[in-house]
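So the structure is just underneath, and the comments pick up after that.
The values are calculated or read from the model by the stated rules, or taken from the named source; none is laboratory data. Only a predicted model underlies this, so the values are computations on that prediction, with no experimental measurement involved. Neighbour counts run over all protein chains shown; Cβ positions are idealised from the backbone, glycine included.
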Ligand code: XMP
């Protein structure tokens with residue numbers, strides 16, 4: 001793809017001109033396509049002077065850290081630091097049920113942890129006689145830029161989104177955004193040119209607050225584990241049915257209620273999993289996805305059989321608006 005190749009070349013030149021031969025760059029990665037493509041471009045430009053940081057916030061999906069490590073570190077050769085801050089995040093989320101408070105706690109804790117880790121990297125660099133960290137890489141896309149200057153969509157105004165603006169002020173880092181003129185489909189095309197795995201390139205978006213807004217009510221490690229297992233089964237079955245690319249976003253939510261069931265001759269009183277899948281082009285409006293009945297049957301059976309503590313599965317048939325894509 002000629003235009004994508006030349007975009008990458010130009011962007012690498014631009015980054016090299018900005019960063020120079022001494023300074024170093026830090027950036028958060030999430031396992032999503034945007035941050036991975038941005039990281040790959042930065043790595044191509046300045047090699048191991050770029051440091052990627054993955055913060056495990058305790059509300060990520062099953063095996064997420066391992067997957068990101070495999071892709072970024074093993075496959076793409078990017079300098080990656082994985083920070084397990086899960087106890088710190090879960091500790092602060094204790095007793096919190098309000099969705100907006102969850103978002104704020106996760107956003108603020110993320111900034112704190114990231115700054116701390118970036119500062120630690122800077123110290124290590126100094127001890128090794130390497131350059132100072134002066135730049136922050138972000139995988140901001142054109143629609144994000146537009147949204148923040150002129151247009152506030154429902155999710156931006158009704159729900160506070162993840163925001164790392166604080167990093168720039170506190171650490172006096174300068175921002176580099178290689179994708180700021182691109183749309184999502186262009187970033188995906190770039191991902192292919194850059195030899196990033198097809199599966200990663202086509203990944204659904206995943207919210208910064210992660211499973212914390214999909215475990216309705218209080219977020220505890222036990223609740224996150226249930227949600228995580230159900231979500232993993234759900235997405236595996238979507239993939240196995242060949243439906244992943246047809247769906248724009250899909251996840252399992254753990255509801256904060258219990259319902260009565262029966263197992264053998266025993267009455268059970270356990271939790272409920274809600275399955276959500278939507279089709280959308282812009283995430284501002286969305287239709288619920290008509291999941292085939294046989295696929296639903298298998299999903300439900302597997303979740304109820306394999307996930308302890310769940311005795312009921314329901315499928316969400318609400319579109320946006322008036323519902324939102326997330327339950328919280
Ligand atoms: P809603 O629920 O508002 O979601 O229809 C629209 C899109 O935004 C994502 N979303 C978030 N992403 N931080 C994020 O990074 C958040 O707090 C957040 N809330 C919603 C959601 O997953 C969907 O893609």
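For region 307-319, the condition of being away from the ligand (no atom under 16 Å from the Cβ), farther than 27 Å from residue 99 by Cα and in contact (Cβ under 8 Å) with a residue 24 or more places away in the chain holds for none of the residues.
Per-residue answers, yes or no, for (1) at pLDDT 95 or above; (2) under 27 Å from residue 212 (Cβ atoms); (3) over 26 Å from the mean Cα position of the chain (by Cα):
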position	(1), (2), (3)
260	yes, no, yes
263	no, no, yes
267	yes, no, yes
285	yes, yes, no
291	yes, yes, no
298	yes, no, yes
310	yes, yes, no
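Of all residues assigned to region 201-216, at least one qualifies as being farther than 30 Å from residue 271 by Cβ and within 15 Å of the chain's Cα centre (by Cα). Say whether the condition of being within 20 Å of residue 182 (Cβ to Cβ) and free of Cβ contacts under 8 Å to residues at least 40 places away in the same chain is met by at least one residue in region 57-72. For region 57-72, residues within 20 Å of residue 182 (Cβ to Cβ) and free of Cβ contacts under 8 Å to residues at least 40 places away in the same chain: absent. Here is a list of conditions, (1) in contact with a helix residue (DSSP H, G or I) (Cβ under 6 Å, 6 or more places away or on another chain); (2) within 24 Å of residue 130 (Cα to Cα), and residue 21 meets all of them except one; can you say which number that is? Every condition holds for residue 21 apart from (1). In the set 266, 249, only one residue is in contact with a strand residue (DSSP E or B) (Cβ under 8 Å, 6 or more places away or on another chain), over 13 Å from residue 307 (Cα atoms) and surrounded by fewer than 20 Cβ atoms within 10 Å (Cβ to Cβ); that residue is 249.
For residue 324, the test of being farther than 25 Å from residue 240 by Cβ, more than 12 Å from the ligand (Cβ to nearest atom) and surrounded by 14 or more Cβ atoms within 10 Å (Cβ to Cβ) is failed.
Residue by residue, here is whether (1) assigned to a helix (DSSP H, G or I); (2) more than 23 Å from residue 106 (Cβ to Cβ); (3) within 16 Å of the ligand (Cβ to nearest atom) holds:
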residue	(1), (2), (3)
192	yes, yes, no
217	no, no, no
226	yes, no, no
234	yes, no, yes
257	no, yes, no
267	no, yes, no
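The single residue among 91, 77 that is over 23 Å from residue 39 (Cα atoms) and surrounded by fewer than 19 Cβ atoms within 10 Å (Cβ to Cβ) turns out to be 91. Hey, any hits in region 274-290 for a residue that's in contact with a strand residue (DSSP E or B) (Cβ under 6 Å, 6 or more places away or on another chain), more than 16 Å from the ligand (Cβ to nearest atom) and closer than 26 Å to residue 223 by Cβ? No. Tallying residues that are without any contact (Cβ under 8 Å) to a residue 60 or more places away in the chain and out of contact with any strand residue (DSSP E or B) (no Cβ under 7 Å at 6 or more places or on another chain) within region 98-139 yields 18.
Inspection of region 201-209 finds no residue satisfying the criterion of being assigned to a helix (DSSP H, G or I), in contact (Cβ under 8 Å) with a residue 60 or more places away in the chain, closer than 24 Å to residue 39 by Cβ and within 16 Å of the ligand (Cβ to nearest atom). With a requirement of 1 or more residues that are farther than 25 Å from residue 236 by Cα and under 14 Å from the mean Cα position of the chain (by Cα), the strands (runs of 3 or more DSSP E) lying completely within region 1-108 that satisfy it span 24-28, 50-56.
Within region 136-166, track down each residue that is at pLDDT below 65, within 16 Å of the ligand (Cβ to nearest atom) and part of a helix (DSSP H, G or I). Of everything in region 136-166, those that are at pLDDT below 65, within 16 Å of the ligand (Cβ to nearest atom) and part of a helix (DSSP H, G or I) turn out to be 154, 155, 156, 157, 158, 165, 166. Could you tell me whether residue 241 is in contact with a strand residue (DSSP E or B) (Cβ under 6 Å, 6 or more places away or on another chain) and more than 19 Å from residue 307 (Cα to Cα)? For residue 241, the condition - in contact with a strand residue (DSSP E or B) (Cβ under 6 Å, 6 or more places away or on another chain) and more than 19 Å from residue 307 (Cα to Cα) - is not met. Could you tell me whether any residue of region 236-252 is assigned to a helix (DSSP H, G or I) and touching a helix residue (DSSP H, G or I) at 6+ places or on another chain (Cβ under 8 Å)? Yes, the conditions are met somewhere in region 236-252.
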